[in-house]
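Quick notes on the structure that follows.
What follows draws every value from the coordinates through simple rules; no lab data is involved. What you see is a predicted model, and the numbers here were worked out from it, not measured in a lab. Glycine also receives a Cβ, built like all others from the backbone with ideal geometry; neighbour counts cover every protein chain displayed.
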Amino acid sequence: MDTTPDPRRWWGLAAIGLAQLMVVLDMTIVNIALPTAQADLGISDADRQWVITAYTLAFGGLLLLGGRLGDVFGRKQTLIVGLVGFAVASAFGGVSQTFAMLIIARALQGVFAALLAPAALSMLNVTFTDPKERARALGVYGAIAGGGAALGLILGGTLTQYLDWRWTLMVNVPIAVVAVVGATLFLHNHGTAGVRTRLDIPGALLATGGVLAIVFALSEAEQHGWASTLVLTMFALGAVLLTVFVLVERRTPHALLPLHLLRDRNRVGALAAVGLTQIGMFGVFLFLTYYMQGIQGYSPLKTGVSFLPMVLGMMTGAVGISARLLPRVGPRRLMLPGMLIAASALTFLTQIDVDSTYWLHIFPGLLLLGLGMGMTFMPSMATATGGVRGTDAGVVSATLNTTQQVGGSIGIALLNTVAATATTSWIADHGGDTPAQLADATVHGFSTAMWISVAAVLLAAATAALLVRSPMPGGAHGAAVHGEDLEPAVAAVGEQISGADAAAIPAATGTARADEEGGARS
């Protein structure tokens, strides 16, 4: 077998990086444009969350299946199909004339993101087989993740303010074209010949359908009531589908989610921490975007720039604190303080009112929230993916990403419903005939919903305290906090800002190892 490195591999990394940039941009750039898109298309407050949730649900629900498809049909082909499909879906969204068209486009973006995200990461790992080169490539990948999140905030504001909100979707088209050309010219399939992988279609449909039913129930509770027949029926349907999913996965040889991976209490605690803390992250993005533009009168560009302290805080917490201390103190001693800092920051943000100022009431909360989340995500990811080798590595990282996306989907639906209900109740009690009263009612709804975020992060802290142990270096679970597993976990943190493809990175080393083994066998 020829082991000579491809001299064009760094050009291939550029194509992979563009694919990654496109996915990372998508969440932040659309968030900033959402208030303008809502006004343009006449979307109701109750329905606006579907612009985000349609993407995260499709992405998270199909991510495990998307990774398997790359194994079956080839990662290069899967990456190209994902890029082309994402571009077409983005263009469709950019020309949407109705709410329904936009939701279909966003869901299709999620479907194709579930194809291209795992394929891009796998291509990186099989392209760079030398450990030192792979570390450098992962560093570039992680820098794109962190920088792309910040770029999405600024670019989303700029395009919305000076062109049109539709360009926040259309911008994906030229990026995808360049990435497809680069992938075609500079990337090669590795290690897929002779690999036999069956697709767990029933598992994918059951998991996605179950989560969709629960999210739909949460989103409809404001309009129909929590005790309505529709809401209770959808909750019951979701529970049944997810129960059947577990039963199917127990008996399926090629399960999307091998249940034996969840027997590790550290892994379960880390997954729970990631899923629950997403409620806090997604809630802040959704409500503060509307608060800044709708209540404070910020322009879209000023809104995007205003979120940058959270990016700074997150990178400081992850790279400046967690990456340095994790090998010495273990994950729990970083996760718990991080989640308590994040919960304190969210509590601070619940005190925002109509007359609050950015520097006194928003900036400190965003900076501390980012710091706490950065201290939480890095050790959570390293713990969830640590100690896993062979074919399970890719499954675990995809499971972590799925947990993140599904947690965000449920969080947005729940928080949006709570906010809308609280706003309606305030108007019923105080009146809403004047703009000032409507502003007060809206801010009251935001604050009430953010208390749910506080509770979710505190629940995550309690779960981690009970389940996650803090082994010292060299302990039984030391793989979670050492060497190769630590670098990709650091690289993953930047993507948490965007809520996209973050958790696929931490197990990159293990995934690559499995790919190389497959290549050797073939």
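For a test of the definition: using alpha carbon positions, the gyration tensor, and the 1.5 limit on a/c, classify region 333-437 as rounded, prolate or oblate. The shape class here is oblate. From largest to smallest, the equivalent ellipsoid semi-axes obtained for region 256-299 from the alpha-carbon gyration tensor read 37, 9, 5 Å. Between residue 351 and residue 162, the simple spin-label model (points 7 angstrom out along Cα→Cβ) gives 3.8 nm. Indicate the gyration tensor shape class of region 163-294 (rounded, prolate or oblate), computed on the Cα atoms with a ≥ b ≥ c the square roots of the eigenvalues: a/c under 1.5 is rounded; otherwise a/b larger than b/c is prolate and the rest oblate. Here region 163-294 falls in the oblate category. Most tightly packed first, judged by the mean number of other beta-carbon atoms within 10 Å of their residues, the peptides 259-268, 317-326 read 317-326, 259-268. Per-residue packing, averaged as other Cβ atoms within 10 Å, sorts the ranges 332-338, 87-93 into the order 332-338, 87-93, beginning with the highest. In this simple spin-label approximation, residue 360 and residue 263 carry label points 7 Å from Cα along the Cα→Cβ vector, and these lie 5.8 nm apart.
A straight line joining the Cα centroids of region 17-91 and region 283-302 runs 22 Å.
Once the chain from residue 228 to residue 11 is taken as fully extended at 0.36 nm per residue, the excess over their C-alpha distance is 72.5 nm. Highest mean packing first, where packing is the average number of other Cβ atoms within 10 Å per residue, the peptides 109-122, 451-464, 418-431, 372-385 line up as 372-385, 109-122, 451-464, 418-431. Each Lys and Arg adds +1 at its Cβ and each Asp and Glu adds -1 at its Cβ; summed about the Cα centre, region 1-96 shows a dipole of about 320 debye. With the cut-off at 1.5 for a/c, could you classify region 200-253 from its C-alpha gyration tensor as rounded, prolate or oblate? Prolate.
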